[in-house]
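For reference, the structure is listed below as structure tokens.
The values are calculated or read from the model by the stated rules, or taken from the named source; none is laboratory data. Because the structure is a prediction, the values reported are computed rather than measured. Using ideal geometry, Cβ is built from the backbone for each residue, glycine included, and neighbour counts are taken over all protein chains shown.
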Amino acid sequence: AQKITQTQPGMFVQEKEAVTLDCTYDTSDPSYGLFWYKQPSSGEMIFLIYQGSYDQQNATEGRYSLNFQKARKSANLVISASQLGDSAMYFCAISPHSWGKLQFGAGTQVVVTP
Amino acid sequence: DAGVIQSPRHEVTEMGQEVTLRCKPISGHDYLFWYRQTMMRGLELLIYFNNNVPIDDSGMPEDRFSAKMPNASFSTLKIQPSEPRDSAVYFCASSPRDRVFFGPGTRLTVL
């Protein structure tokens, strides 16, 4: 069984500042993958970043980085230099290494202000 | 690549009618997922396929829901008969593994 917890329902961040979105998980699988998705108000689900549980380095994709702390079972997303276009709902998700069953957290609503 | 294609984008129907949602996954992806998103329940995995074979349909809410994948480039999610509580956004997604790409979704409203 897997579970994803996002404790921040919403947050405001000022443009050009960095923001950290929290994600903790619980799984009995020895290996797994962690994902972050962005859902703007238009509704589409946009893949941002992926971290494998055995990856040695934290994943980075442009302004997105994943602060992966395996012992603490956390996979926080860091968005550097926030832009107005970053305003969206952000979802953390987990999948077993055997694949399938990508399960999502409840999401965090981010509003970037000028 | 055109990405995951879903049709229709919007569907409004009356209770009791049959609804069919369609999906064309990204070519070469051997996993296909159907998700449902509502305000109350968030994103729920309904069913997923691997190489056109249904692997796990434990998320399908009831027998009114059925999904098929007759070939690698097409899948359908059918609701018969539809009910107002089925109103939601239905996403199809495909994956080669390690990345899951979502379609734009179908917004279903059942009156």
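Some notes on this structure:
- Residue B:27 falls short on exactly one of the conditions (1) over 13 Å from the mean Cα position of the chain (by Cα); (2) within 14 Å of chain A (Cβ to nearest Cβ), and that condition is (2).
- Positions within segment A:42-63 being within 14 Å of chain B (Cβ to nearest Cβ) and not in a loop (DSSP other than H, G, I, E, B), in sequence order: A:46, A:47, A:48, A:49, A:50, A:51, A:52, A:61
- In segment B:55-92, residue farthest from residue B:37 (Cα to Cα) [restricted to those that are within 13 Å of another protein chain (Cβ to nearest Cβ) and modelled with pLDDT under 95]: B:55
- Single match in B:75, B:94, B:82 (criterion: in contact with a His (Cβ under 6 Å, 6 or more places away or on another chain), in contact (Cβ under 8 Å) with a residue 24 or more places away in the chain and either of a type in the set (S, T, N, Q) or outside any strand (DSSP E or B) (or both)): B:94
- Condition check for residue A:82: at pLDDT 95 or above, on the phi < 0 side of the Ramachandran plot and not in a strand (DSSP E or B): yes
- Flag if residue A:103 is within 12 Å of another protein chain (Cβ to nearest Cβ), under 19 Å from residue B:102 (Cα atoms) and touching a residue at least 60 places away in the same chain (Cβ under 8 Å): yes
- When segment B:44-72 is filtered for residues that are over 12 Å from the mean Cα position of the chain (by Cα), touching a residue at least 12 places away in the same chain (Cβ under 8 Å) and farther than 17 Å from residue B:25 by Cβ, the ones remaining, listed by number, are B:61, B:64.
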